[in-house]
């Protein structure tokens with residue numbers, strides 16, 4: 001039975017085995033164990049240093065060149081602080097030292113399956129970065145380091161990241177999953193702070209010490225908040241909204257990303273490239289090996305690299321009645337071809353099908369459900385009445401962010417006069 005001895009072993013490990021510092025501009029010193037330093041020095045992890053965390057956001061915010069490597073170190077740092085806080089109270093969850101080690105490996109390695117623009121390409125027929133991450137963890141050199149030096153099982157680390165994997169009856173895996181990916185997870189706490197820091201904007205800054213001090217273990221949902229911590233959720237949701245509005249979905253960022261996505265969609269659909277051509281690339285390899293292929297639509301990628309971006313011809317608030325018919329990429333591509341013909345006719349500028357792009361942002365989840373720890377020691381559900389963030393409010397948050405855009409080469413965008421009417425008419429086409 002889990003007891004005091006196992007908890008003491010975990011606390012002793014967390015307090016004494018992490019002694020090798022890495023200097024980070026955001027969190028200052030991040031201390032790794034010698035075993036995790038081996039993981040951080042491995043080729044799969046090192047490759048993250050060539051992948052920008054924010055993709056093409058540096059076109060708008062020149063400082064936004066931070067990488068998934070430094071973000072991954074930050075996630076580990078915060079995950080270690082969170083698990084140290086959760087293991088201390090008498091009601092601490094029944095965890096094992098082996099599981100905690102696997103969890104910290106998962107926090108450090110959670111992004112190693114990323115290739116450039118992964119999050120922007122979710123609609124394309126590609127493996128998820130979680131699946132790719134799990135595959136890498138189960139292969140050498142990572143599997144050998146995790147097994148021989150970290151002294152935990154690679155499959156546990158992989159299963160914490162990839163929720164499609166079987167937990168094999170290990171209840172703590174479900175707990176660790178909820179810590180690594182949830183309302184107040186270390187990933188979100190790092191990227192909001194880090195992205196704001198490197199972009200030079202104040203919107204994403206979180207009071208991380210306050211957040212970690214206010215969380216408590218919860219047997220079913222991983223963590224709970226004490227009532228005084230409700231402002232932590234509010235700050236995260238406000239920050240997330242403002243970061244999407246000013247950084248993640250800035251018009252220029254959306255246009256550049258849409259151009260890359262359109263090129264890859266067509267290249268994959270016509271077998272000009274295969275999914276395996278993308279996996280494992282860093283940014284430089286992506287622009288060099290994919291952008292330089294002899295397939296005409298891939299010229300869009302070269303244009304992004306040269307900052308020759310298309311322009312917005314029309315912007316329309318994106319409700320479900322407008323976005324739903326165009327959510328299928330194959331249907332959207334057919335509509336874009338029809339629009340290319342019509343725009344060429346009305347402007348006198350001949351457009352290729354790949355030169356007409358409809359950009360539709362996905363829905364954002366402003367999740368708020370988190371248990372509240374009551375003075376009696378019991379828990380209640382998150383109480384919207386105690387905060388401005390009721391369900392209708394959070395739904396309203398995403399509405400002004402979602403804008404459908406028609407994106408065209410600059411001269412065509414300038415000449416087109418009835419772009420909104422064309423889009424509205426095209427959206428009704430079946």
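The values are calculated or read from the model by the stated rules, or taken from the named source; none is laboratory data. All of these numbers come straight from a predicted model, not from anything done at the bench. Glycine also receives a Cβ, built like all others from the backbone with ideal geometry; neighbour counts cover every protein chain displayed.
See the values below:
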{"item": "Given (1) crowded, with 21+ Cβ neighbours inside 10 Å; (2) not in a strand (DSSP E or B), index of the condition residue 220 fails", "result": "(1)"}
{"item": "Residues of the stretch 85-106 satisfying the condition of being assigned to a helix (DSSP H, G or I) and modelled with pLDDT under 95", "result": "85, 86, 87"}
{"item": "Qualifying residue in the stretch 327-346 (condition: surrounded by fewer than 19 Cβ atoms within 10 Å (Cβ to Cβ) and either modelled with pLDDT under 85 or farther than 28 Å from residue 429 by Cα (or both))", "result": "no"}
{"item": "Single match in 207, 190 (criterion: farther than 24 Å from residue 105 by Cβ, at pLDDT 90 or above and in the same structural domain as residue 93 (by TED's automatic domain parsing))", "result": "207"}
{"item": "Of the criteria (1) modelled with pLDDT of 95 or more; (2) on the phi < 0 side of the Ramachandran plot, which one residue 121 fails", "result": "(1)"}
{"item": "Output for the stretch 36-51, where each listed residue is in contact with a helix residue (DSSP H, G or I) (Cβ under 7 Å, 6 or more places away or on another chain) and surrounded by fewer than 19 Cβ atoms within 10 Å (Cβ to Cβ)", "result": "42, 44, 49, 50"}
{"item": "Of the criteria (1) out of contact with any strand residue (DSSP E or B) (no Cβ under 7 Å at 6 or more places or on another chain); (2) over 30 Å from residue 402 (Cβ atoms); (3) touching a residue at least 12 places away in the same chain (Cβ under 8 Å), which one residue 290 fails", "result": "(2)"}
{"item": "Residue tally, condition over 21 Å from the mean Cα position of the chain (by Cα) and in a loop (DSSP other than H, G, I, E, B), over the stretch 244-277", "result": "5"}
{"item": "Criterion: in contact with a strand residue (DSSP E or B) (Cβ under 6 Å, 6 or more places away or on another chain), loosely packed, with under 15 Cβ neighbours inside 10 Å and in the same structural domain as residue 198 (by TED's automatic domain parsing) - qualifying residue of 25, 21", "result": "21"}
{"item": "Single match in 143, 159 (criterion: more than 16 Å from the chain's Cα centre (by Cα), modelled with pLDDT of 95 or more and either within 30 Å of residue 90 (Cα to Cα) or surrounded by 20 or more Cβ atoms within 10 Å (Cβ to Cβ) (or both))", "result": "159"}
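To keep it simple, each residue is scored yes or no on (1) assigned to a loop (DSSP other than H, G, I, E, B); (2) closer than 30 Å to residue 393 by Cβ; (3) over 24 Å from the mean Cα position of the chain (by Cα); (4) without any contact (Cβ under 8 Å) to a residue 40 or more places away in the chain.
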site	(1), (2), (3), (4)
333	no, no, yes, no
338	no, no, yes, no
343	no, no, yes, no
346	no, no, yes, no
350	yes, no, yes, yes
370	yes, yes, no, no
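Here's the yes/no breakdown for (1) surrounded by 19 or more Cβ atoms within 10 Å (Cβ to Cβ); (2) over 25 Å from residue 419 (Cα atoms):
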residue	(1), (2)
254	yes, no
278	yes, yes
288	no, yes
302	no, yes
307	no, no
310	yes, no
